[in-house]
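In what follows, a structure is listed as C-alpha cells, so that the remarks can point back to it.
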Amino acid sequence: MNKTALITGAARRVGKAMALHLASQGWNIAIHYNSSDAEARLLVDELISVYPKQQFELFKADLNLPEEVELLIPQVIQKMKSLDLLINNASVFEPAKLGGTTTGFLDRQMNVNFKAPFILTRNFAQLLKSGVIVNFVDTRIVTNQSNFAAYSISKKALWELTKMAALEFGPDIRVNAIAPGLTLPPEEKGEDYLLKLAEKIAMKSPGGLDPILKSLDYILNNDYLTGQLLFCDGGENLGIKI
Ligand SMILES: NC(=O)c1ccc[n+]([C@@H]2O[C@H](COP(=O)([O-])OP(=O)(O)OC[C@H]3O[C@@H](n4cnc5c(N)ncnc54)[C@H](OP(=O)(O)O)[C@@H]3O)[C@@H](O)[C@H]2O)c1
C-alpha cells in the first residue's frame, strides 16, 4: 500500500518540490496550505493527472491559530485513512532585531515556526503507532545574529523539540531535522541575491532544491537515524571565509 505524507506549506517553493518528489516515489500527499489557494489547487490537479492511482488532498489551516493546528492531523487521518510522514515545512521569515520585536511579532514567528510543529508532532505521536517526522530549521540556528531574531529563536526551539521528540517517541517514531542554507531567494529578491551571499561560504554557491530532496531521501531511507540535523547549506554553518 502507498504511504502517506503530510507536508505543511506545500503549495509553493520547497514544500511543492517535496510534494512532487515524494509523489514520484509513490507517496500519497496531504497538501497543507494557508493563503496559496490557487497554487495548491493547481498542484493537486497536476499530481492527480500524473499519478492517477495515488491520493492527493488539500488541507487549509492557518498555523498561526493553534485551534486550526489542532484539527489538522485528525482531518488528514480521517480523509487519507493513514499517515506515515509529517514534514513541518511551513514557516514565516520576517526580519527584526530583538529591540524591534514586538510581542505580536514574536507570537507569529513562534506560533507558525515552533508551536504548530509542536502540536502536530504531539498529535502525530498520540494518534499514530509509527512514522517519521522531518522538521525544517535553518542553518542560522548555529549563530547569534539578531537580524531575524524571533525567526532564529523559533528555529532553535524547533531543533530542541526535534531531539526531545526523537528520544520520547522512539523507536516507533523517528524525528530528524533539515537545516537549509542558501536555497531559494525570498520572493521579492532574485537569484543574484543568493549568489552574492554565497561568495563567502565554503561551497561558494547556493544549493537550490536538490540538496534538500537528497537529505529528505536520506532520512526516509535510513531506519536507524533519529534526533539528527542534516545541514543543506554548503558549509555555511562553519562560518564565513576570510
Ligand atoms: N528558502 C530558503 O532559502 C530557506 C533557507 C533556510 C531555511 N529554510 C526553511 O525551509 C522551509 C521551506 O522554505 P521556503 O522558502 O519554501 O518557505 P516559505 O516560502 O517562506 O514558506 C512556506 C509556506 O509556509 C506557509 N505559511 C506561512 N505562514 C503560514 C501560516 N500562518 N499558516 C500556514 N502556513 C503558513 C505558506 O503557505 P501559504 O503560501 O499557503 O500561505 C508558505 O507558502 C522553511 O521552514 C524555511 O524556514 C528555507
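Brief remarks follow.
- Taking every alpha-carbon pair under 8 Å whose residues sit at least 6 apart, the chain reaches a relative contact order of 17 percent.
- With Cα atoms, 0 to 90° folded angle of helix 66-80 axis to the chain main axis: 40 degrees
- For the chain, with +1 on Lys and Arg beta carbons and -1 on Asp and Glu, the positive-most of Phe169, Ile119, Pro74 along the dipole: Phe169
- Close amide H partners of Gly227, meaning residues 5 or more places away or on another chain with modelled amide H under 5 Å apart, are Val175, Asn176.
- Dipole moment magnitude, nearest 20 debye, the chain about Cα centre, only Lys, Arg, Asp, Glu C-beta charged: 340 debye
- Residues whose amide H falls under 5 Å from that of Cys232, counting only those 5 or more places apart or on a different chain, are Ala179, Gly181, with hydrogens built in the peptide plane.
- Considering all C-alpha pairs of region 1-54, those separated by over 19 Å amount to 16%.
- Cross-link pairs Lys60/Lys214; Lys53/Lys81; Lys97/Lys155; Lys60/Lys97 - those with Cα-Cα distance over 24 Å: Lys60/Lys214; Lys60/Lys97
- When the inverse distances between all different Cα atoms of the chain are averaged and flipped, the Kirkwood radius reads 18.2 angstrom.
- Among Glu187, Glu199, Glu160, residue whose mean-square fluctuation peaks in a GNM of the chain (springs only between Cα atoms under 10 Å): Glu187
- Shape annotation for region 103-197: C-alpha extents along the principal axes are 45, 30, 23 Å, from largest to smallest.
Any read-out appearing in this document is the output of simple, stated calculations on the displayed coordinates, not a laboratory observation. Everything numeric in this text was worked out from a predicted model, so none of it was measured. Cβ sites come from the backbone with ideal geometry, for glycine too, and all protein chains shown count toward neighbours.
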